[in-house]
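Beneath this line is the structure, given in structure tokens, with notes to follow.
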């Protein structure tokens, strides 16, 4: 029987496919999270870091992720895909899609648990926690922030006008990095594909209707041309 990763439940292996194990107590947790899920490891960075440092971090990120995808046996690619792997594709860095924001948290009465449908027709429960709004080329865009009932991790799946064009048709995920005083960094340059974007061996939540944006998020990971089972 497949195992559910308790920390990252929105990435589930399909029955009969080996899951990815992360040793949450070991020294490799940051490397694993950084490589696999698109998280930046230095979550306690000062908020006033220089643009040069941010650009360096962003330029180094794809190299590490490509090494993981192309070489690690626990990567989401099949061995056949790894043999052909030439790297993931990204949009150019877009500083206009980097934000420091607060979550407009719903009241306790408004928060509700919903079932988010997955790519394989199953569902996973999440709490509608709040919303976050930002500007994209002069237009206001809003995403619902979901929260896992068990570990409290935030989850933000979304589609946008690039979905099905230059980015994965079923949408992407983007993470919120905690800053200070209740603010979070939302950086779409780190938006990443769910594992089901690479092959059908994975079951991933599909962005709900309320997180389908009417703007183009031209940042982060593009579609994967060598996807299997799509």
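Relative protection proxy for 126-138, 83-95, from highest mean packing down: 126-138, 83-95 (other beta-carbon atoms within 10 angstrom).
Relative protection proxy for 191-202, 141-152, from highest mean packing down: 191-202, 141-152 (other beta-carbon atoms within 10 angstrom).
The orientation-averaged shadow of the Cα convex hull for segment 91-219, equal to a quarter of the hull surface, comes to 8.3 nm². Mean separation of Cα pairs under 8 Å and 6 or more residues apart, divided by the residue count, gives segment 120-230 a relative contact order of 26 percent.
Computed from the C-beta positions of residue 101 and residue 74 and an R0 of 41 Å, the FRET efficiency is 0.80 to the nearest 0.05.
Only the coordinates and a few stated rules stand behind these numbers; no lab work does. The model shown is predicted, which means the values in this text are computed figures rather than measured ones. Every residue, glycine among them, receives a Cβ derived from its backbone with ideal geometry; neighbour counts consider all protein chains shown.
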